[in-house]
Every structure is written in structure tokens, then in C-alpha cells.
Amino acid sequence: MSKQLYKNTRILSGLIVRRDRVRIPVWLISLSTLTIIVAASFTDLYKNEGERQAIAETMRNPAMTAMVGQGYGLENYTNGAMMAHQMLLFTAMAVAIMSILLVVRHTRADEEDGRIEIIRALPAGRLANLNSTILVLFGVNVLLALIVGFGLNALGIESMDLEGSLLYGAAIGATGMIFTAITALFAQLSESSRGTIGFSITILLIAYLLRAVGDVSNEALSWLSPLGWILGSEVYVNNYWWPIFLTVGVASILVVLSLYLNAIRDLEAGFLRAKSGRKKASPFLLSPLGLALRLQRTGLIAWAVGTFILGGSYGSVLGDLESFFADNDMMKNLLPPVEGFSLTEQFLTMLMSVISMICTIPPLMAMLKLKGEESKNRTEHLLSRAVSRIRLMGSYFVISIVSGFAMLSLAAIGLGAVGNSVMEEGIAFGRLYSAAMVYLPAMWIMIGLAALLIGVAPKLSGIVWAYLTYSFFVVYLGGLLQLPEWMSTLSPYNHIPKVPVEEIDYMKLFILTIVAIVIIAVGFIQYKNRDIQG
Amino acid sequence: MSVLKTTNLIKRFGAFTALDGVNIEVNEGEVYGFIGPNGAGKSTTIRLLLGILKATEGEARIFGMDVWEDAVDIHKRIAYVPGDVNLWPNLTGGEVIDLFVKLRGSNNKSRREELIKKFDLDPSKKCRTYSKGNRQKVALISAFSSDADLYILDEPTSGLDPLMERVFQECVLEAKSTGKSVILSSHILSEVERLCDKVGIIRQGKMIETGTLNELRHLTRTSLAVETKQPLINLNEMRGVHGVEKKDRALSFQVDAEELDNVIKYVSRFGILSLVSTPPTLEDLFMRHYEGAGKTPKAGVGGAK
């Protein structure tokens, strides 16, 4: 082994902190505030033990166990036990994603772009970059654990004592550390940053699924998953610390392994060789539409699976809804009762608006891909050939419209299939499907807005995400937060009739569609007449 | 017949004027060299020609059609190679070549294979693994395997090794021999000198010189190295003589093209033992114009014929 493998680690750590001086605080602040706000809101939502026990009952079904993990302390469902049961797993996964993205950014992505080469040509140790990345990420996760731990305790909730809160923080931090290590390892194995992210996220999903299957069927399976270890600490109920040490211990072993692999490999090489591809293009690729589809293939398939599972998991809770609603104040605020309709049907309208907004994400991504390609100077390859701008934009537009329809259908099918299997009295599939499809005009307006921004102000096309977030906020939480009426009228989703509770108002849908068509047309015309940038 | 003609092309980005009245004319079977320093407006001009940018004023026509209105029809008959080729990281080189050829419309299978071999490219690799030179090859192969009438090449050889540069030059000459036109923007002046019939020099958005290489050479100085029987005297006082230097027994100096006749007559009186005359290279020309950002260019340079 050569000398001075770690030289200048300190300076490089400083560089990473400097480069992420906004990114890291944003992650830390949003994750910790989210956790603390949710914990604080639990005390408002469930005022007494009776209400909490009622919730505990609805948590006793396998679908919930698969989703959020085994419920420890369901017999005495304190605020702490509820927090650990409902929030810990998802927060830990968010922290894992943070760690994965940050590690890739500073290891394989930098290496791929040739920046590590410049660093390595300076008097810096061979392992200094990887080492400093891991050090910074471990630091970030420890900091997060402490902020969350002390923050939760500072709320002064009876069932959230100091030890439990610190353990909660530690569970989150340890998840971040082990995924830092896992990503560092894949950054050595894979040759590209995409590959590294792909492998690491896959491990995260496998960990989640192993735990889900294990928690429902055979507990031994859950112990193969790091997420199972984390939940095994039974925070606020039994407060076991050893799973945290186990997680950090395994993370350390993986760190040593990845440092070793980094030391013995060549720069820009990986242990998993990229396999060679096609020498000739398949006929499906040979058009702007084919190309646009091919570029987004993997993402669209993943989203299709995702929206189906999303529909299914919402469907799984439909069975227990009536009892759940009967004694929950929050839900009464969300859904004021309407004569002649069951609570489940009312809840369905709320579900559909949420589902439709989530299903709007992939079509927006598909549309905005056109702008992404432009910034990377790749649209000029097409436009300098016999491809008109209308045809180019049209390709992305078609994918956007079709994917939106497909996502919404898949979510509705998932919801219907699982929902009807758990409900005593099912809902006719036709009604359910039309309740989803009425949201198409709202989705078209969002796609139209993306097209309009691409045509008029491509640099500002991110605004459409802000608008979607705004819609989500006012439509989902408008009733709960008692927001003024005009705020929700600004969102297209608010104007969609709430089927099956309301009649389908075809006039409204028609007007929304016309609005969508107009802004789409303006977008196309402007795109045709502007300079291509990048 | 003129294949490409721009008239007083102006492009402004906000308050900044990138192109200020650019006139270019390329005829059938002609290779036009387009040279200028970084940021002079070469790529902006080319992007205007491709209909990717819209001209603020002026007109540009290719095959008699408007570059903005008839972009698609024009593009069926042209091939473009950018200087900085960004490709889709998850497609292979072979896939990209096929896509590009298909999007133009025509298809020449045997030519594709021949060029892949000539340029020594592995088409089965993903574009993310290609070096700059290899990405450049993908663009070049797609361009030359199509039967275009006009080739628009924007610094196409940046990143190629000398061997591949030779292959590229063969491709251009071959296109020329079959009557195709080429507009070649380049920094490699020896390449322009070898390939181009006509040269246009752009600086700060303005065409400062256009003409054949021979015409341009007239605008600058010829280097002479003379050895005479009798010592050559009073040369410094002759009109049009610059930079006299003594080298061993010879004198070297530069002479303005229009004074060459007088100077030679004068020198011959001293009895010439040896005379070496070197025509100005494109580099001399180029340097003279670029260094002269502060100095006034010689009167009557632009378009003098």
C-alpha cells in the first residue's frame, strides 16, 4: 500500500461542506422540522387515550404492518409509541435517500465528470476524497440524530422521554450511516453515478420489502434488513440500543471494504463492467418520439409500478375506514359528512385528488425533459436534422399525455382491486375509475403550463412544480388548516367534481379542457418561434 | 450557383450585439473556411444558419430557402457537426449514428460501416464512456454517411488525433470532389489552408475579410531572405519594407504585396546570389488581424478583390 492515502482529507472535507453549504442544512432542517411538527401534531389530533387506542386498533391489520412496520406497544399506544410506529420507518428512509444522493454526488458523480482527476493530480491522498465524503456524511447523520433527539424531547410530551428521543434520533442517524456506507461501496463497484444511485436505491427498496414481508409472515426475514434492525430498537416502548450499535458496526465494516476497493481500483473504473450495447439501433428508436420514449423508459416503468402500488396501498386501508373515521377529529375536519354517502365514498374523493396530483408528476417530468435536453445541448442534434420543432415538442407532449392517463388508470385499478378485496361492501369499479378520470382535465392544465413555460420562459419551467405543490397543499390541507376559499380556487384540481359524491359537471370539465388546449397551443407556438438555448 | 448566402445578418442577445452584419456566400462545390477567435460569433452564425437561433435582422438562405421558415426542408439536405458533441449517456454510439441518419431521411448502410472502420470507432459502447474525440467521431460518421449537399462543420476536429484528422480531411475532399459544399469553422489554420477555397474571417461579430486564399495573401506581406554580391544598403528606406534583420550573410525582411515589384528591382541591382520567398501563411494573416484589435486594419481589406 502506498503512503499518505488520506493526505488532505481535512481540506477536501471542507470543500464538500462548502459545496453543500445550502444543500446539507436544507436536508437537516426539513427532516428535523418535519419530525418535530408531526410529533407535536399527534398530541392535538388524539386528545386522550381512548382516541389513541382507537387508532391502534386500525393499525392492527397486515396491510398497515407491511407499510409502516410492526406496532410495538399497541396495547398502550402512547404518543411516543405512535410516533415510532407511524413515522420512524419513513423518516429513516428519507434519511437513507439523503445519504445516497449526497454520497453519489461527491464520489462517483464527481469522478465521472473528471473532477476527481483534478483532485488526484494535486497532492491529495488516493482515498482522501472517499474518506472525506464518508466523514462529512457521518457527521451530518450524527448531527441530525442529535437535533431530532433533543428536539423531540424538548416538546415535553410525557411519553417521549430523553432516552427514547435520543434513540429515535440515533435510529434515523444510523440508517443514514449504513446507507452512506452502502452507497460508498456501490460507488466503487459501479462505473457510473446513475448505476450507483440505482443499486443503492434498489438495496433500500429490497430492505423495505424484506421487512414488509418479514413483519407480516416470518420475523426472521426482517432481521436481514437494516430497516428491520432499526425498527427492532422498539423506540419509546422498550428502548433497545443494541440494534443501533449493530447498524453502525455493519456500516463501519462496509466503509472499510469500500476504502479497500477504492485503493485497489483505477480511477474511473468499476468492478461491475458495463456490458457492451447494441451496435445498431432498433427501429423503435429511430424517431423523435422513439428517442424521447427510450430516454425516459426506465423512469416511466418505475412510476407505473409505483402508482399501481400507491393505489393498492390506499385501497388496503379502505376496509377499516368507517371505524377509523367515527372517532377521529382530524378526519371530521378533513371531510365534513354528506348525507346519503358513506364515509368511505367521501374519503375516496379526497384520495382521488391526492392520487391525481401524484400521478401528475411523471407527465410533468416527461414534458420538462424537453427543456432538460435543450440545456444539455442535445435538442440541436435533432433540430439540425429534418425534425421540426412542432414534431419534437409533440413527441414529448404525447408521452406526457399518455403517461398521465396510464398512471391515473393504474392507480385507480390498484385502488379498486385491493380496496374491493378488503371491503365488505365494495364500490363498483366503473364508478371508481370515473372518479379518477375526471381529474384528467386538471392534469392537462398542468401539462399545458409546463408546455407554456417551455415555450415562453424555459428558465422558469420549475414554476410548474411549485404550482403542483401549492395545489397539493391547498386541496389536501385546505380544510384542515381552514385556508380562505380563494386560495383553493387557484388550483385546477379544486374545480374537478368530487365523484362519486358530486355529479359529473361536464360544463366545468369542458371549460378546463379548453383552458388546457389554449395554453398548450400558446406553448407550441412560442416554442416554434424562440431561440434554442444551451 | 450560390448554395448558402447571408445578407447583413444581425443577431442581438438583449443589449449585446453578437453578429453585426455578417455576409457569407458559399457556392456549389466550394469549401468555405470560417475562422475567427473565440467568441467572435462563429457558432452563433452557424446556429442561425441551422434555424436554431432566429436572426434579429438580415436574411440567410440555404438552397434558396429561408433558414428559419424552411428549416426542416433545408435540413434534409445538410449535415451538421457541432464542436462540442453532447450525446445521450445511455445510448450506444451505433444507436446514435442510426438515429441521426434516420432523422435526416436518407440511409447509406455500407457507407456507415466503412466510416466506422475508417474512424476506428467501437459502436457498441455507451456514449457515457466515450472520450471527447470519440463523441466527435460519432457526429462525423453520422454526417458523412448521409448524402448531404451542404456540410456545416463547427470546429469538427477538436479532440481528434492527427490520424483521424487526416481521415476527416479525406472525407471533406471526397465530398468536395462530388460537388458538395462545405462550410468549415476551425481554429486549425493549416487544416483550413489545405481544404478551403475561400476564407472568411470574423471578429467581434463582423466579417473583416473574405476571399480566396490567394486574394487574402495579396493583402499581407511576403517574407524574403536575400543574399547579394554587394552589401545591400538603404533597404530600410524603401517603401513597403518591414522588419529588416541580418542573418549570417543574408538579410531577411517582409514586403507589402503592392511594393514587391519595386523592391525586387532595387535588390537585383546588388547582384542576387540567393533569394527565398515565403508566401504569408494563413496564420500570419490571422495574427495580423487579431493582434490589430487596437490598430486600424488596412484600408480596403473587407471584400477587396
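The values are calculated or read from the model by the stated rules, or taken from the named source; none is laboratory data. The structure displayed is predicted, hence computed values, not measured ones. Ideal geometry is used to build each Cβ from the backbone, glycine not excepted, and the neighbour counts take in all protein chains shown. The area values use the complete protein model at the heavy-atom level, side chains included, leaving out ligands, DNA and RNA. Shrake-Rupley method; radii C 1.70, N 1.55, O 1.52, S 1.80 Å.
State which residue pairs qualify: first residue over 11 Å from A:THR9 (Cβ atoms) and among the acidic types (Asp, Glu) and inside the range A:114-131, second residue open to solvent by 20 Å² or more (accessible area, probe 1.4 Å) and not in a helix (DSSP H, G or I) in any location, beta carbons under 7 Å apart, and separation of 6 or more residues or different chains.
So the pair list comes out as A:GLU117/A:LEU267.
Which members of the range A:504-531 meet the condition of being more than 17 Å from A:LEU440 (Cβ to Cβ) and either modelled with pLDDT under 90 or more than 14 Å from chain B (Cβ to nearest Cβ) (or both)?
Scanning the range A:504-531 gives A:ALA521, A:VAL522, A:GLY523, A:PHE524.
Could you check how many residues of the range A:372-388 are touching a Gly at 6+ places or on another chain (Cβ under 9 Å), open to solvent by 10 Å² or more (accessible area, probe 1.4 Å) and more than 7 Å from chain B (Cβ to nearest Cβ)?
Result for the range A:372-388: 1.
Would you point out the residue of the range A:281-294, among those that are at pLDDT below 90 and at the interface with chain B (Cβ under 7 Å from one of its Cβ atoms), that is surrounded by the fewest Cβ atoms within 10 Å (Cβ to Cβ)?
A:LEU286
The rows are residues; the columns are (1) assigned to a helix (DSSP H, G or I); (2) aromatic (Phe, Trp, Tyr).
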{"site": "A:ALA39", "(1), (2)": "yes, no"}
{"site": "A:PHE42", "(1), (2)": "yes, yes"}
{"site": "A:MET67", "(1), (2)": "yes, no"}
{"site": "A:GLN70", "(1), (2)": "no, no"}
{"site": "A:GLY80", "(1), (2)": "yes, no"}
{"site": "A:ALA96", "(1), (2)": "yes, no"}
{"site": "A:ILE100", "(1), (2)": "yes, no"}
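Which one of these is over 15 Å from A:SER384 (Cβ atoms) and within 13 Å of another protein chain (Cβ to nearest Cβ): B:LYS11, B:LYS42?
So the residue among B:LYS11, B:LYS42 that is over 15 Å from A:SER384 (Cβ atoms) and within 13 Å of another protein chain (Cβ to nearest Cβ) is B:LYS11.
If you go through the range B:89-107 one residue at a time, do you hit one that is surrounded by fewer than 18 Cβ atoms within 10 Å (Cβ to Cβ) and at pLDDT 90 or above?
No, the conditions are met nowhere in the range B:89-107.
List pairs: first residue in the range A:356-378 and in the same structural domain as A:MET437 (by TED's automatic domain parsing), second residue of a type in the set (Asp, Glu) and open to solvent by 30 Å² or more (accessible area, probe 1.4 Å) anywhere in the structure, Cβ distance under 8 angstrom, at least six positions apart or on different chains.
A:ASN377/B:ASP84
Considering the range A:441-457 alone, what residues qualify as being open to solvent by 10 Å² or more (accessible area, probe 1.4 Å) and over 13 Å from A:HIS495 (Cβ atoms)?
If the condition is that a residue be open to solvent by 10 Å² or more (accessible area, probe 1.4 Å) and over 13 Å from A:HIS495 (Cβ atoms), then A:LEU449, A:LEU452, A:LEU453, A:VAL456, A:ALA457 are the ones that fit.
So how many residues does the range B:114-137 have that are out of contact with any Cys (no Cβ under 7 Å at 6 or more places or on another chain), more than 10 Å from chain A (Cβ to nearest Cβ) and not aromatic (Phe, Trp, Tyr)?
The total comes to 12.
Within the range A:230-280, track down each residue that is of a type in the set (Gly, Ala, Ser), open to solvent by 20 Å² or more (accessible area, probe 1.4 Å) and either outside the structural domain of A:GLY69 (by TED's automatic domain parsing) or within 24 Å of A:ALA39 (Cα to Cα) (or both).
Answer for the range A:230-280, where residues must be of a type in the set (Gly, Ala, Ser), open to solvent by 20 Å² or more (accessible area, probe 1.4 Å) and either outside the structural domain of A:GLY69 (by TED's automatic domain parsing) or within 24 Å of A:ALA39 (Cα to Cα) (or both): A:ALA269, A:ALA274, A:SER276, A:GLY277.
For the range A:95-114, give me each residue that is open to solvent by 40 Å² or more (accessible area, probe 1.4 Å) and at pLDDT 85 or above.
Those that are open to solvent by 40 Å² or more (accessible area, probe 1.4 Å) and at pLDDT 85 or above: A:ILE97, A:LEU101, A:ARG105.
Looking only at the range A:165-205, count every residue that is free of Cβ contacts under 8 Å to residues at least 12 places away in the same chain and within 14 Å of chain B (Cβ to nearest Cβ) and tell me the total.
Residues in the range A:165-205 being free of Cβ contacts under 8 Å to residues at least 12 places away in the same chain and within 14 Å of chain B (Cβ to nearest Cβ): 2 in total.
So, in the range A:153-186, exactly how many residues are at pLDDT 95 or above, among the aliphatic types (A, V, I, L, M) and either open to solvent by less than 10 Å² (accessible area, probe 1.4 Å) or in contact with a His (Cβ under 9 Å, 6 or more places away or on another chain) (or both)?
Final tally of qualifying residues: 7.
Could we say that B:LEU9 is touching a helix residue (DSSP H, G or I) at 6+ places or on another chain (Cβ under 8 Å) and either part of a strand (DSSP E or B) or surrounded by fewer than 19 Cβ atoms within 10 Å (Cβ to Cβ) (or both) here?
So B:LEU9 passes the test.
Pairs please, first residue from the range B:55-78 and over 17 Å from A:ALA386 (Cβ atoms) and within 12 Å of chain A (Cβ to nearest Cβ), second anywhere and in a loop (DSSP other than H, G, I, E, B) and open to solvent by less than 50 Å² (accessible area, probe 1.4 Å), Cβ atoms under 9 Å, 6+ apart in sequence or on different chains.
Matching pairs, first to second residue: B:ALA55/B:VAL67; B:ALA55/B:TRP68.
Just to be sure I understand, how many residues within the range A:115-142 are small (Gly, Ala, Ser) and under 28 Å from the mean Cα position of the chain (by Cα)?
Residues that pass the stated criteria total 2.
Looking only at the range B:24-42, count how many residues are surrounded by 19 or more Cβ atoms within 10 Å (Cβ to Cβ) and either outside any loop (DSSP other than H, G, I, E, B) or of a type in the set (A, V, I, L, M) (or both).
The qualifying residues number 9.
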